[in-house]
Amino acid sequence: MSPAAAFDAVSPEARRLWTAGLVASLYALFCLAVALRQVLRGRAARRETQALAAGTGAPVLVVHASQTGFAEELALATAKLLGDAGARVTLKSLAEVSALDLATTGRALFVVSTTGEGDAPDAARRFIRDVMAGAPKLQGLSYGVLALGDSSYARFCAFGRTLDAWLARNGATPLFDRVEADDGDPAALRHWQGHVGVLAGVTDAPDWTRPRYGRWRLADRRRLNPGGPGDAAFHIRLEPLEGADWQAGDILEVGPRNDPVEVAELLVRLGLDGSALVIAEEGATLAEALSWRRLPHDAVFAAAPNQASGPQALVDALPALPHREYSIASLPAAGGVELLVRAMRRADGKLGLGSGWLTAHAADGAEIAARVRTNRSFHAPEDDRPLILIGNGTGLAGLRAHLKARAAAGRHRNWLVFGERTAAHDYFHREEIEAWRAGGVLQRLDLAFSRDQDRKVYVQHRLMEAAEPLRAWVADGAAIYVCGSLEGMSGDVHAVLTAVLGGEVMERLADEGRYRRDVY
Ligand SMILES: Cc1cc2nc3c(=O)[nH]c(=O)nc-3n(C[C@H](O)[C@H](O)[C@H](O)COP(=O)(O)OP(=O)(O)OC[C@H]3O[C@@H](n4cnc5c(N)ncnc54)[C@H](O)[C@@H]3O)c2cc1C
Ligand SMILES: Cc1cc2nc3c(=O)[nH]c(=O)nc-3n(C[C@H](O)[C@H](O)[C@H](O)COP(=O)(O)O)c2cc1C
């Protein structure tokens, strides 16, 4: 009797049992196969780790995709930790990474940020277009991802998550779960450092923390747009008390302090004496310590009233204030950092934390906590190629530092396109710009004052009007630098550049580092 005939001969009940048994066995086999694959993958990852710790493994690729320099800074620290431990490390921007690199590298650690509204940094454009669009076989790759982001944005760590999912989908094996750092959260960075330390076989490396703030003095503060229709914008000059170095394109991270009036109001509300002594890094009294900490809202106290049980308990319960970033508008030769800061107002009418501190709450001559952050993605080209600098509002800051550097280097093929509201009130650094124009440092200047005529005119309109020269400058090798508003400016400028130059040219400019943006 054939197996089929034998099957037909048994009772329906027995047939059902037999079929169920077969399905269960197949399912068990499937589970076993999945588990085995996981075990093998885990073993492979452990072997990678051991080989690296012993300095015997294949080189490690450390990759960064950074918009404003932080991911690159952390990738450098990652590479240094591994290199100091004897590993062979290659550090690359994602812009330089190919599918072949990933398929042949063995191990890669990615440090990537998210910008815009959940977008990848500009440095990732080519990789997304040329590599992520494909499906390379990455079975030989073990990897880790440190995703930088800020949870106040709707799409938190979007690019890090997308990259992680893409690597896994193409067969790469995670060495550990993706680490997500919210606003540079030190605990998350320690977590990543711990993973890298294990890979490197180093467990006693000192914690990475952001460099301590340096001491600066508020040497000048001057409103640049008195009587203007928009929010006040200030020229701020900070002189380093301990020495500092930077170059055009870099960023100043300022450690803000709270409005003293808000601190005093809180103390009254809590019935606490501001002069009470406390133990805190930032000051000896409760009022001083509170000026450096996130002040609690009433809702926080309603939820946890014991926070207010005493000066020290209050200080211990409150986290430190975050830093704020400002594009540096001067060169070290000026003896200080100059900034262009807009006094931002919150919905409740109060000044913003960082801009309020710099433009109003810090007294003239006060000591300011700040540190320079290198932002290589906005550094100038090394050669004498023409530069097209496009910006609006406080975006002039970053462009001004570049123009100063170009003037000092005798590089005069510069074109500035600047936009604000009115020429009468908002033409920041007018004399300096006109002197550059008269002296030939600026070969071309286009200004867009949106409210000086019936029709609104913005920098993107000036660019469209100048389509011919724009094409000529780019054909002559020009690089394009954009600084200022993310909303309303950088997207529209990008659209006009694409319309005038064509999508392919824009892709090429981005790939060659000739299209750079510092927008916020
Ligand atoms: C790379 C980079 C470069 C920059 N360069 C410059 C520059 O050159 N010049 C410049 O002026 N700025 C610059 N900025 C922006 C700057 O870092 C700050 O974001 C800006 O000064 C506002 O911060 P703030 O602390 O004053 O305001 P925040 O206190 O952060 O408030 C800012 C806004 O957020 C909202 N908001 C935040 N918290 C609250 C709250 N509790 N209640 C209600 N609303 C709230 C409000 O709309 C408010 O207007 C740059 C940013 C980046 C990322
Ligand atoms: C203009 C701008 C847009 C941002 N958009 C997002 C976002 O959509 N999602 C997110 O998680 N983080 C966002 N961030 C936060 C950054 O990812 C975070 O600050 C990160 O540390 C920046 O790293 P980088 O200097 O290497 O670019 C944004 C930051 C800026 C300045």
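The values are calculated or read from the model by the stated rules, or taken from the named source; none is laboratory data. Here the structure is a predicted model, which means the values were calculated and not measured. Quick reminder, even Gly has a Cβ in these numbers, built from the backbone with ideal geometry, and neighbours come from all protein chains shown. Remember, those area values only see protein heavy atoms, side chains included, never the ligands or the DNA or RNA. Shrake-Rupley method; radii C 1.70, N 1.55, O 1.52, S 1.80 Å.
Here are the numbers for the structure shown:
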| read-out | value |
| --- | --- |
| Cβ-derived FRET efficiency at R0 25 Å, Leu295 paired with Tyr213, nearest 0.05 | 0.80 |
| Cα-based convex hull, region 81-219, per residue volume (Å³, whole number) | 147 |
| Share, in percent, of DSSP beta bridges within the chain that are antiparallel, nearest 5 | 40 |
| Coarse-grained scattering of region 69-151 at q = 0.19, 0.27 Å⁻¹, given as base-10 log I(q)/I(0) from a Debye sum over alpha-carbon atoms | -0.93, -1.47 |
| Accessible surface of the chain [probe 1.4 Å, protein heavy atoms]: carbon and sulfur percent | 54 |
| By average C-beta atoms within 10 angstrom, highest first, the peptides 270-278, 462-470, 114-122 | 114-122, 462-470, 270-278 |
| Region 171-328 - percent relative contact order, Cα under 8 Å, separation 6 or more | 18 |
| The chain: angle of helix 186-200 to the longest principal axis, Cα-based, in degrees nearest 10 | 50 |
| For region 58-106: rounded, prolate or oblate by the Cα gyration tensor [a/c cutoff 1.5] | oblate |
| Helix 491-501 vs. the chain, principal-axis angle (Cα, 0 to 90°, nearest 10) | 90 |
| For peptides 81-91, 362-372, 59-69, sequence by mean Cβ density within 10 Å, most packed first | 59-69, 81-91, 362-372 |
| 13 Å Cα-Cα reach of Lys92 towards aspartates and glutamates, excluding residues that sit fewer than 8 places from it in its own chain | Glu72, Glu73, Asp101 |
| Segment Asp476-Met344, extension gain: residue separation times 0.36 nm, minus the distance between their alpha carbons | 43.6 nm |
| Rounded to the nearest 20 debye, dipole of region 152-285 from Cβ charges on Lys, Arg, Asp, Glu | 360 |
| Using a Förster distance of 22 Å, the FRET efficiency for Ala187-Asp84 (Cβ separation, nearest 0.05) | 0.40 |
| Among 320-330, 393-403, the order from most to least packed when residues are scored by Cβ within 10 Å on average | 393-403, 320-330 |
| Potential lengthening between Val268 and Leu100 on full extension [0.36 nm per residue; Cα-Cα distance subtracted] | 54.1 nm |
| Whole-Å semi-axes of the chain's equivalent ellipsoid (Cα gyration tensor) | 48, 34, 23 |
| Whether region 407-472 is rounded, prolate or oblate, judged on the alpha carbon gyration tensor where a/c under 1.5 counts as rounded | oblate |
| Dipole magnitude of the chain about its Cα centre (Cβ charges: Lys, Arg +1; Asp, Glu -1), debye to nearest 20 | 1080 |
| Charge-dipole axis of the chain as Lys and Arg at +1 and Asp and Glu at -1 on Cβ define it, positive-most pick from Val254, Ala380, Gly134 | Gly134 |
| Cα shape, region 140-207, gyration tensor, a/c 1.5 rule | oblate |
| Inter-probe distance in nm under a simple model that places probes 7 Å from Cα toward Cβ, at Met464 and Ala313 | 6.2 |
| Loop-resident sites, region 172-216, for trypsin sites (Lys or Arg not before Pro), counting at most 16 other Cβ within 10 Å (DSSP) | Arg212 |
| Förster radius 41 Å - calculated FRET efficiency between Ile279 and Asp231 (Cβ-Cβ, nearest 0.05) | 0.60 |
| Approximate spin-label separation Asp245-Ala495, in nm, with each point projected 7 Å along Cα-to-Cβ | 4.4 |
| Positive dipole terminus of region 130-204, leading residue within Val202, Leu148, Asn170 (C-beta point charges) | Asn170 |
| Crossing angle, helix 260-270 versus the chain [Cα axis fit, 0-90 degrees, rounded to tens] | 60 |
| Beta bridges per DSSP with both ends in region 217-372, % antiparallel, nearest 5 | 100 |
| Region 115-185: chymotrypsin sites (Phe, Trp or Tyr not before Pro) falling in loop per DSSP and having at most 15 other Cβ within 10 Å | Tyr153 |
